[in-house]
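A quick write-up on the structure given underneath.
The values are calculated or read from the model by the stated rules, or taken from the named source; none is laboratory data. Model, not experiment: these values are computed from the prediction. With ideal geometry, Cβ positions are generated from the backbone for all residues, glycine too; neighbour counts draw on all protein chains shown.
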Amino acid sequence: MKAVISVVGKDRTGILAFVATYCASKSINIEDVTQKVLQDIFTMIMIVEVPDDEANFRAAADELEALGEEQNLKIHVMHEDIFNAMHTI
């Protein structure tokens, strides 16, 4: 299944590496990524392929969001179907 990971926080070295390392540890494949620094705010959106186990997806999403808080980052993980439904008129 695909998911969207968004990350926002004060820019600093290693944010992309932090999220990518976490994804690799959970066998989450990063398919596409875009990032931008707006003044001193880092923003990133990733499209990822997650192993199909829904329970593991939710656990990994919750863990990544909590780890982001520890890093002073707002990380949100959303199933692609929900993302698409929210952005369809």
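Of the residues that make up the range 8-21, is at least one under 12 Å from Gln71 (Cβ atoms), at pLDDT 95 or above and basic (Lys, Arg)?
yes
For the range 33-89, how many residues are over 15 Å from the mean Cα position of the chain (by Cα), of a type in the set (Val, Ile, Thr) and at pLDDT below 95?
Looking only at that region, the number is 2.
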